[in-house]
Amino acid sequence: MSFAFQAEGLVKRFGETTALAGVDLAAAPGSVLAVLGPNGAGKTTAVRILATLLRPDAGRATVGGLDVVRDAGRVRRMIGLTGQDTSVDEDLSGAENLVLIGQLLDLRRADAKARATELLEQFGLTDAGGRRASTYSGGMRRRLDLAASLVGRPAVLYLDEPTTGLDPVMRNEVWRLIGKLVTTGVTVLLTTQYLEEADALADVVSVIDRGKVIAQGTPQELKQRVGGQTIEVRPVDPDDLDKVREVLHAVAGRAPDSPGQGVLTVPVTDRAAFGAAMHRLETDAIELAEFSLRLPSLDEAFVNLTGERADGSDEERSAA
């Protein structure tokens, strides 16, 4: 099978710390690979190696069949990268930032200006395009940084927590844009702290923990690895939560979790537990706003696999 990018046995150490301990990653052309893992897992280190910004201590990685170490210059012309921190020049306007990148990519000035205009419109920055980037809000800088990674129309796009700092409306717009890029054949590697982001966008998810890939599969496959299904209950009256907790504990044989205010969930391996819970709740005359049986969420699968939640930023900001 031909991969848009592939990493085999990547090892990277920073002093006595092993950030990667033999990581394998690969994505087919025109697909999205989401890389998840708790803080310190090695996600950003893997991205930096694939983007030619770090050399691996062992293993190899290729993009479009080109080695990221031996053919680094050619690889850089095939890829785009949005890192965790924005990298725009604050002394230049939004438009000037994009035009400069276009010219660095050997676009004629007229073509660079046309591409800049197109991207400013795409990311809702047309009105701010003439302003210095130093006057932009954090969300606007993030949008400009995303736009900058697309100037060269890359075949492979690395997005390291790309929607951090964006409001829900712009986050959904970025999701829409990623989906559109994939339909044109672009391959995306996405690291994210938003599990719903991986669930919505990824064809394949790789979970990294302590520098190793501990699980890989489609979002659905990873959810199924947790085993069984989950009962989710939200009573109309929050004062009934203790009664609901007792019922769920009794039918499932384990204490339920509370993932959100006013809601309780518990995994079950026997579908009969769903009917038993319903019967008990009706007998106790507990009025319900929500009552469902579903597969575990990707967040629940992640916690089950790693013992941690995927939140916060990656540790490798200061590494290398």
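Below is a table of values for the structure above.
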| quantity | calculated |
| --- | --- |
| From the options Gly185, Gly152, residue that is more than 22 Å from Leu25 (Cα to Cα), not aromatic (Phe, Trp, Tyr) and not in a helix (DSSP H, G or I) | Gly152 |
| Of residues in segment 307-320 being closer than 13 Å to Leu36 by Cα and open to solvent by less than 50 Å² (accessible area, probe 1.4 Å), the one modelled with the highest pLDDT | Ala310 |
| Residues within segment 41-60 that are hydrophobic (A, V, I, L, M, F, W, C), part of a loop (DSSP other than H, G, I, E, B) and either open to solvent by 20 Å² or more (accessible area, probe 1.4 Å) or farther than 19 Å from Gly73 by Cα (or both), tallied | 3 |
| Members of segment 277-306 that are without any contact (Cβ under 8 Å) to a residue 40 or more places away in the chain and either within 16 Å of Gly217 (Cβ to Cβ) or surrounded by 16 or more Cβ atoms within 10 Å (Cβ to Cβ) (or both) | Met278, Arg280, Val303 |
| Asp270 being among the acidic types (Asp, Glu), at pLDDT below 95, under 30 Å from Glu197 (Cα atoms) and in a loop (DSSP other than H, G, I, E, B) | yes |
| Extreme residue, modelled with the lowest pLDDT, among residues of segment 193-246 that are in a helix (DSSP H, G or I), closer than 27 Å to Gly22 by Cα and among the aliphatic types (A, V, I, L, M) | Val226 |
| Odd one out for Arg153, checked against (1) more than 17 Å from Arg77 (Cα to Cα); (2) charged (D, E, K, R); (3) surrounded by fewer than 21 Cβ atoms within 10 Å (Cβ to Cβ) | (1) |
| Breaking point among (1) closer than 28 Å to Arg210 by Cα; (2) open to solvent by less than 10 Å² (accessible area, probe 1.4 Å), for Ala112 | (1) |
| Residues of segment 189-205 satisfying the condition of being touching a residue at least 40 places away in the same chain (Cβ under 8 Å) and of a type in the set (A, V, I, L, M, F, W, C) | Leu189, Leu190, Leu195, Ala198, Leu201, Ala202, Val204, Val205 |
| Residue in segment 137-158 that is within 14 Å of the chain's Cα centre (by Cα) and either modelled with pLDDT of 85 or more or of a type in the set (Val, Ile, Thr) (or both) present | yes |
| All positions within segment 187-204 that are touching a Gly at 6+ places or on another chain (Cβ under 7 Å) and within 14 Å of Glu300 (Cα to Cα) | Gln193 |
| Residue count, segment 122-142 (criterion: within 17 Å of Glu96 (Cβ to Cβ), in contact (Cβ under 8 Å) with a residue 12 or more places away in the chain, assigned to a helix (DSSP H, G or I) and open to solvent by 40 Å² or more (accessible area, probe 1.4 Å)) | 2 |
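The values are calculated or read from the model by the stated rules, or taken from the named source; none is laboratory data. Since we're looking at a predicted model, the values are computed, not measured. Every residue, glycine as well, gets a Cβ built from its backbone with ideal geometry; the counts of neighbours run over all protein chains shown. Note: areas computed on protein heavy atoms with side chains; ligands, DNA, RNA excluded. Shrake-Rupley method; radii C 1.70, N 1.55, O 1.52, S 1.80 Å.
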